[in-house]
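Just below is one structure, and these are the notes that go with it.
The values are calculated or read from the model by the stated rules, or taken from the named source; none is laboratory data. Just so it is clear, the model here is predicted, and its values are computed rather than measured. Neighbour counts are summed over all protein chains in view; Cβ atoms, including those assigned to glycine, are modelled from backbone coordinates with ideal geometry. Side chains included, ligands, DNA and RNA excluded: accessible areas come from the protein's heavy atoms. Shrake-Rupley method; radii C 1.70, N 1.55, O 1.52, S 1.80 Å.
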Amino acid sequence: MTDDKRRGVLFDVDGTLVDTTYLHTVSWWEALRQADHRVPMARIHRSIGMGSDKLLDHLLGAERDRDADGRLRDAHDALYGEYWERLTPLPGARELLRACAERGLRVVLATSAAEHEVTALRAALDADDVIDSVTSSADAKESKPAPDILVAALEQSGLSAERVVFVGDSVWDVAAAGKLDIPCIGLACGGTGRAELAGAGAVAVYDDPAALLDALSDSAVASLG
């Protein structure tokens, strides 16, 4: 049930709060290489933020034989899993979450990572005491740029689209938020340029969580009250 009196901030996690974008890029590159798909890393990087189904459509074509998709995902997961113990928050990530909570805002991790990956991401952030709710890939029928994961985040947190801001690092995050008319703050720390995030519709773009934290009082987060 939506609580009309509460406001909150929805956060993407991979590439927004935790420095994983290029780890996913390398893991997908190697998984695809093992299956004799030669895809340049730059193309893979620009696809990070989509769910694996849409990412593979984007990179290999929607008309491909999908029988090998499960093996590709498993290979990516195994390669990416090797980094879990070394995952690192992006500058200011933990402090940004705490600052939002101190403003009385609900802090929601709106991630479409698999549940086992979410555990590793939360451990890296070490901020469970200020996190109200967390989604995972199990909560969404379709991955970004579809808005399903944001809908799930709103439902779980009791928030409405009119009373939240979303923070993400990819054009896919901006697109998903736009479908629900949620203002999206872009962070360039995932490797997507400021101009591209702004062009996709981000209401503002900052270098990383630390830069957003420094400007928090003048940001779209402050407009939540």
Scan of region 51-96 for residues that are open to solvent by less than 30 Å² (accessible area, probe 1.4 Å) and among the hydrophobic types (A, V, I, L, M, F, W, C), ordered by number: 55, 56, 59, 72, 75, 87, 90, 93, 96
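Take the residues in region 159-183 that are small (Gly, Ala, Ser) and open to solvent by 30 Å² or more (accessible area, probe 1.4 Å), then tell me which one is farthest from residue 19 (Cα to Cα). First the steps, then the outcome.
Quick first cut of region 159-183, residues small (Gly, Ala, Ser) only: 160-161, 168, 170, 175-178.
Still in the list and also open to solvent by 30 Å² or more (accessible area, probe 1.4 Å): 175, 178.
Values: 175: 21, 178: 24 Å.
That would be 178.
Restricting the search to region 204-213, which residues are open to solvent by 10 Å² or more (accessible area, probe 1.4 Å) and touching a residue at least 60 places away in the same chain (Cβ under 8 Å)? Can you show your working first?
Within region 204-213, the first condition is being open to solvent by 10 Å² or more (accessible area, probe 1.4 Å), and the residues that meet it are 204-208, 210-211, 213.
Those that are open to solvent by 10 Å² or more (accessible area, probe 1.4 Å) and touching a residue at least 60 places away in the same chain (Cβ under 8 Å): 208, 210, 211, 213.
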Residue 53 in contact with a helix residue (DSSP H, G or I) (Cβ under 9 Å, 6 or more places away or on another chain) and closer than 22 Å to residue 202 by Cα: no
Contact list please: Cβ distance under 9 Å, first residue in region 89-106 and more than 12 Å from residue 18 (Cβ to Cβ), second residue among the basic types (Lys, Arg), pairs at least six apart or on different chains. 100/106; 103/7; 104/6; 104/7; 105/6; 105/7; 106/6; 106/7
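Which of the residues spanning region 117-128 are open to solvent by less than 10 Å² (accessible area, probe 1.4 Å) and under 17 Å from residue 143 (Cα atoms)?
In the first step, residues of region 117-128 are kept if they are open to solvent by less than 10 Å² (accessible area, probe 1.4 Å); the result is 121, 125, 127.
If the condition is that a residue be open to solvent by less than 10 Å² (accessible area, probe 1.4 Å) and under 17 Å from residue 143 (Cα atoms), then no residue fits.
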The one condition in (1) surrounded by fewer than 20 Cβ atoms within 10 Å (Cβ to Cβ); (2) in contact with a helix residue (DSSP H, G or I) (Cβ under 7 Å, 6 or more places away or on another chain) that residue 23 fails to fulfil: (1)
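Among 72, 79, 32, which is in contact with a Ser or Thr (Cβ under 7 Å, 6 or more places away or on another chain) and of a type in the set (A, V, I, L, M)? I'd like the intermediate steps shown before the answer.
Details: 72 fails: in contact with a Ser or Thr (Cβ under 7 Å, 6 or more places away or on another chain); 32 fails: in contact with a Ser or Thr (Cβ under 7 Å, 6 or more places away or on another chain).
Exactly one of 72, 79, 32 is in contact with a Ser or Thr (Cβ under 7 Å, 6 or more places away or on another chain) and of a type in the set (A, V, I, L, M), namely 79.
Out of 186, 201, 225, 193, I need the residue that is under 27 Å from residue 26 (Cβ atoms), surrounded by fewer than 20 Cβ atoms within 10 Å (Cβ to Cβ) and not charged (D, E, K, R). Which one? Write out each step before concluding.
Working: 186 fails: surrounded by fewer than 20 Cβ atoms within 10 Å (Cβ to Cβ); 201 fails: under 27 Å from residue 26 (Cβ atoms); 225 fails: under 27 Å from residue 26 (Cβ atoms).
It is 193.
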One residue is enough: does region 108-123 have a residue meeting the conditions in contact with a helix residue (DSSP H, G or I) (Cβ under 7 Å, 6 or more places away or on another chain) and of a type in the set (D, E, K, R)? yes
Inspect region 13-36 for any residue being free of Cβ contacts under 8 Å to residues at least 60 places away in the same chain and not in a helix (DSSP H, G or I) and give the result as yes or no. yes
Out of everything in region 97-116 that is modelled with pLDDT under 95, closer than 21 Å to residue 154 by Cα and not hydroxyl-bearing (Ser, Thr, Tyr), what residue ends up being surrounded by the fewest Cβ atoms within 10 Å (Cβ to Cβ)? 115
